[in-house]
Structures are given as structure tokens and as C-alpha cells.
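The values are calculated or read from the model by the stated rules, or taken from the named source; none is laboratory data. From a predicted model like this one, the values you see are computed outputs, not experimental measurements. Virtual Cβ from ideal backbone geometry, glycine too; neighbours counted across all protein chains shown. Remember, those area values only see protein heavy atoms, side chains included, never the ligands or the DNA or RNA. Shrake-Rupley method; radii C 1.70, N 1.55, O 1.52, S 1.80 Å.
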Amino acid sequence: QKEVEQNSGPLSVPEGAIASLNCTYSDRGSQSFFWYRQYSGKSPELIMSIYSNGDKEDGRFTAQLNKASQYVSLLIRDSQPSDSATYLCAVRRDSNYQLIWGAGTKLIIKP
Amino acid sequence: GAVVSQHPSWVICKSGTSVKIECRSLDFQATTMFWYRQFPKQSLMLMATSNEGSKATYEQGVEKDKFLINHASLTLSTLTVTSAHPEDSSFYICSASPSYEQYFGPGTRLTVT
């Protein structure tokens, strides 16, 4: 079992709809969770961080964390073609500051 | 805020030569910096973790004598690819961490001919 798992996709969503991206992790002691967006040929960009159970909203993005289920998700409302990218889930190892990365989910927003 | 620069953005070098890549945190101090490599259509691969003033910690399988990392200050880390070969051609990305998050530089695309 991988430490951080994501569906590789591609996930195809119509423009204007809600895109839902999911991530599970295996280390129950993990405390910090991040979503990054990576456009093709570019470096990752941090879009959300979440540390506590529940929802965290930032504009069109909502991160959801459920530590009991070891599950973190990212919702993108009113999806735009510019949201088409690979979304990377990362979980922080508190012991040495490293991030454990999922393989990423490729999201395609269709006009 | 949280801007990380990387230089050069792309470089072409001949086999057997060395290439130095710089990573700077522009508006924050970074105790810890990370170096990643990414091949086309593949995931990020962590190469090493560097802390200011101490030796870098390399991931398993990464040759520390080939990929020299220096973290001389809280805002600058460098990666030198020594005796580069075509198989070292890749996208090299640094990140800097002021606390819990990591912020990435724009990356350096290295092509070894």
C-alpha cells in the first residue's frame, strides 16, 4: 500500500460543475495535509493546506479532512478550463519536515 | 509572499561537465530546502533535504557525490550536478519551507547532450 494514494484519472468535469479530488493516507499520525496544483511543464503550486478535521474554504476551493478515515479531499466549485491540471496531495511527516506525495490526479475541465 | 526563485530556468550542457542550480527564498527564511527531480509524466521524486549549515540528507539511490548540495544561508541552496550524463536530463525543482508548507521554485530544465 502506498503511503499517499490518489486516483490518477483523468477526471473529466464539465465547466461550471464541482470537481472532487480524493486522497487517502496510511500514517495515522500525520498532522499536516496539502493540495498542490501542477500545470504541465511547470512546478507545483500550493493551493490549500489543512491541519484540523473538517472543512477549510478558500475562494472556489474547499479542503476536507477526516483523520479517522485517513482521508483528505479537495472540492473545486464552478470549475474553469484553467483549473485543468494535475492535483497533488501531500502529507507531512512531522519528524523531518518531508512531504509524502501522492502520484497526482489529472483533472480536465471541459468547456 | 512565499516566493522562491530558481536559476537558471533551463540549461543545456555537454556530457561530462558540471552544472550548478541556485534556489533562493526571496521573502522568507527557509531553514529547510528540498531538491526534487521529475521526469516527463512521472511524479515528483525527492532527491535530498538540506538544512542551513549542515550536510544534506540524500534519499536512497541518490548519489551524494554526483549531486552536491550546499545550503550556505537561510535563503540560498545550490545543487551541482557533477559529470552530467544524458540520463541526468530532467526537470529539477527546489522547494523551501518556512514552517509546515513547502513553496516551490519554477524549476530548472536540464538537458545533457
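Miscellaneous remarks
- Simple Cβ-charge dipole of the protein assembly as shown, Lys/Arg +1 and Asp/Glu -1, about Cα centre, in debye nearest 20: 320
- ³J(HN,Hα), Karplus 6.51/-1.76/1.60, whole Hz, each residue of region A:42-50, x for Gly, Pro: 10, 8, x, 10, 5, 10, 8, 10, 8
- With N as its number of residues, chain B has a Cα radius of gyration that, divided by 2.2 N^0.38 Å, comes to 0.99.
- Residue A:55 accessible area, 1.4 Å probe, all protein chains in place, Å² to nearest 10: 110
- Inverse of mean 1/r across different Cα pairs in chain A, Kirkwood, Å: 14.0
- In the protein assembly as shown, a dipole from Cβ-located charges (positive for Lys and Arg, negative for Asp and Glu) runs towards its positive end, and of B:19, A:71, B:70 it is B:19 whose Cα lies farthest in that direction.
- Length released on extending from residue B:83 to residue B:111, taking residue separation times 0.36 nm less the Cα-Cα span: 8.8 nm
- Exercise: per-residue mean of other protein chain Cβ atoms within 10 Å, A:99-106: 3
- With all protein chains modelled, accessible area of residue B:39 [1.4 Å, Å²]: 60
- Derived scalar couplings ³J(HN,Hα) [region B:38-46; Karplus, 6.51 cos²θ - 1.76 cosθ + 1.60; whole Hz; x for Gly, Pro]: 9, 8, x, 6, 10, 6, 4, 10, 5
- Above-threshold pairs, the threshold being 19 Å between Cα atoms, out of B:14/B:41; A:42/A:110; B:20/B:41; A:42/B:41; A:106/B:41; A:42/A:67: B:14/B:41; A:42/A:110; B:20/B:41; A:42/A:67
- Our summary of shape: the Cα atoms of the protein assembly as shown have principal axis extents of 50, 38, 36 Å, ordered from largest down, in whole angstrom.
- Estimated dipole of chain A in Debye, rounded to 20 [Cβ of Lys and Arg +1, of Asp and Glu -1, Cα centre]: 160
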